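Worksheet for the structure shown next.
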Amino acid sequence: MAGVDLERLVYRAVNGGDERLELMGEALRVRALPAAGPRRWWRDRLRFLGSAAITTVRAARADAPCLTEATVASFPGSDDAETRHVRTFFLAHHFGVASDCLGRQSRRRPRRRPAAGWWLWWLRGVGWALLGLADWSERRYAWLGGALVDMQLFKRLEGELEQVYVFALYDRRQYLLLTFLARHTRPAVTAVYQNIPLARNCRHLHLAVPVVLTSRVNLCEADYYRAQGSFLPSRVTYASQEFALDTHDLRPHEPLYDIGYYSSGEWARREGLYQVSDVARVRRGEFAANPYARAAADQLAALAAYARREHRTLRIYPHPLERRLASSGVEPPYAALADGVTITIDGGGDATSRRTMYEPRVAVSLQSSFIWERLDLGLDDSFLHEFADPAMNVFERAALGPYAENVCRGSDELLAKVDAALRRR
């Protein structure tokens, strides 16, 4: 017996009714992030109650600066200056607008007394949290606390806002905020999607809002999912490169290496996907046996053998996660492959590899977003691994259109495509 279905009550209230409610539920279901949180029922419900009753009020009363612009960006991690710079640069570069940030990690106070409407949402949030005590199902609600803070901050500042760009829509808190803004506030709202395929967790959009896609690959996917009736924007705008701050001034040049391998550090991630903060566990190799890590090791070993056999150069580009681990004395498993001549590893602190896009003639990765970024730059000799189990892929082959040629089923197909690309040059 599940008791009250609080999930449906919350979704219906934020959605403002039943319009495409089932599609909204599906959209939130596949957006599993944030995945962390209390597993025990009572801890989950108490955290939700604390967020709804206390944290949201603290956020409203916090000593914070006023907004500097009527256009704002919303995204997790907005307390980080570098991330803020990336987002504000993107909006200025593509749309010519100056912007501020707003959300639970970048709070702003209103210049004048806020409308009372936000208090109604505070009361509603407290009511939901109390009702959660009557929902005995395994559903989890702690993640809603962050969404409530965001919704109430935006409602308080509604009168000072003209345009809101919502980023990081793989996070269900962001999708819920997007829905709230579209249904319950006056500012124009635009959804900005990441530079990786929509397939894994962004294939559903139940709102008729303007959408910005940041990769050519996404354009094919958007057409595919629109035809399926699960992606329903009012219009689509293409704005190349989500991280335009790093790539806007890149100029094509002659390749320095035959093959570039862009690692995602699967060996150091929980389940091969999620970053962890405990360096000691990574050092002990607790995550190195996951299926993504094994596949990456096999892929890289095949490329290394090919490079030695065919007298090609292979450059390995570590993920920023791996660069940070290296600074703590934790070397990646593939360090043993490097010989300093045929196979080398790109060095350098916390630096991103984004500035190296034109260095390799051919680029390969298990699942790095850099492959999609290279394709967006017209660097078509860029290849990604395709797992036999579709659930393990970040893409859906049928949705990729011509870019389906850039995914490879196994090392034999990968090496054949790499070899053909190198022989064409």
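The values are calculated or read from the model by the stated rules, or taken from the named source; none is laboratory data. Worth saying up front: this structure is predicted, and the values here are computed from it rather than measured. Neighbour counts are summed over all protein chains in view; Cβ atoms, including those assigned to glycine, are modelled from backbone coordinates with ideal geometry. We work out accessible area using only protein heavy atoms, side chains counted, and drop any ligands, DNA or RNA first. Shrake-Rupley method; radii C 1.70, N 1.55, O 1.52, S 1.80 Å.
Data table
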{"quantity": "Subset of the range 368-382 (residues that are in a loop (DSSP other than H, G, I, E, B) and open to solvent by less than 30 Å² (accessible area, probe 1.4 Å))", "calculated": "Ser368, Asp381"}
{"quantity": "Boolean, Phe89 is farther than 19 Å from Gly146 by Cβ and touching a Ser or Thr at 6+ places or on another chain (Cβ under 9 Å)", "calculated": "no"}
{"quantity": "Selection from the range 223-247 of residues that are in a loop (DSSP other than H, G, I, E, B) and of a type in the set (S, T, N, Q)", "calculated": "Ser230, Ser234, Ser240, Gln241"}
{"quantity": "Members of the range 270-294 found to be assigned to a helix (DSSP H, G or I) and open to solvent by less than 20 Å² (accessible area, probe 1.4 Å), listed by number", "calculated": "Val282, Tyr292, Ala293"}
{"quantity": "Residue tally, condition surrounded by 20 or more Cβ atoms within 10 Å (Cβ to Cβ) and within 14 Å of Ala288 (Cα to Cα), over the range 326-346", "calculated": "2"}
{"quantity": "One residue from Tyr257, Tyr225, Tyr262 being aromatic (Phe, Trp, Tyr), open to solvent by 10 Å² or more (accessible area, probe 1.4 Å) and modelled with pLDDT of 95 or more", "calculated": "Tyr257"}
{"quantity": "So Ala398, is it assigned to a helix (DSSP H, G or I), open to solvent by 50 Å² or more (accessible area, probe 1.4 Å) and closer than 21 Å to Arg294 by Cα", "calculated": "no"}
{"quantity": "Residues (open to solvent by 20 Å² or more (accessible area, probe 1.4 Å) and within 20 Å of Asp150 (Cα to Cα)) located in the range 11-27", "calculated": "Tyr11, Arg12, Ala13, Gly16, Gly25"}
{"quantity": "Members of the range 194-221 that are under 22 Å from Met392 (Cα atoms), polar (S, T, N, Q) and touching a residue at least 40 places away in the same chain (Cβ under 8 Å)", "calculated": "Gln194, Asn195, Asn201, Ser215"}
{"quantity": "In the range 230-245, the residues that are within 30 Å of Asp298 (Cβ to Cβ) and either without any contact (Cβ under 8 Å) to a residue 12 or more places away in the chain or surrounded by fewer than 21 Cβ atoms within 10 Å (Cβ to Cβ) (or both)", "calculated": "Phe243"}
{"quantity": "Filter result for the condition that a residue is more than 25 Å from the chain's Cα centre (by Cα) and farther than 24 Å from Arg140 by Cβ, over Thr83, Thr68, Thr88, Thr55", "calculated": "Thr68"}
{"quantity": "Complete set of residues in the range 105-117 that are open to solvent by 40 Å² or more (accessible area, probe 1.4 Å) and under 12 Å from Leu153 (Cβ atoms)", "calculated": "Gln105, Arg107, Arg109"}
{"quantity": "Given (1) at positive phi; (2) modelled with pLDDT of 95 or more; (3) among the small types (Gly, Ala, Ser), index of the condition Gly272 fails", "calculated": "(2)"}
{"quantity": "Those residues of the range 67-106 which are part of a helix (DSSP H, G or I) and of a type in the set (A, V, I, L, M, F, W, C), in sequence order", "calculated": "Ala81, Val86, Phe89, Phe90, Leu91, Ala92, Phe95"}
{"quantity": "Of all residues making up the range 401-425, the number that are over 27 Å from Leu213 (Cα atoms), open to solvent by 50 Å² or more (accessible area, probe 1.4 Å) and not in a loop (DSSP other than H, G, I, E, B)", "calculated": "4"}
{"quantity": "Flag for Leu314 being more than 25 Å from Pro252 (Cβ to Cβ) and either open to solvent by less than 40 Å² (accessible area, probe 1.4 Å) or hydrophobic (A, V, I, L, M, F, W, C) (or both)", "calculated": "no"}
{"quantity": "Extreme residue, nearest to Val86 (Cα to Cα), among residues of the range 177-222 that are open to solvent by less than 20 Å² (accessible area, probe 1.4 Å) and part of a strand (DSSP E or B)", "calculated": "Val192"}
{"quantity": "Count - residues of the range 45-91 that are in contact with a Lys or Arg (Cβ under 7 Å, 6 or more places away or on another chain), over 22 Å from Tyr170 (Cβ atoms) and open to solvent by less than 50 Å² (accessible area, probe 1.4 Å)", "calculated": "6"}
{"quantity": "Whichever residue in the range 92-102 is over 17 Å from Gln194 (Cβ atoms) and of a type outside the set (A, V, I, L, M, F, W, C) and, among such residues, is surrounded by the fewest Cβ atoms within 10 Å (Cβ to Cβ)", "calculated": "Gly96"}
{"quantity": "Residue match in the range 307-314 (condition: among the aliphatic types (A, V, I, L, M), more than 30 Å from Ala188 (Cα to Cα), modelled with pLDDT of 95 or more and part of a loop (DSSP other than H, G, I, E, B))", "calculated": "no"}
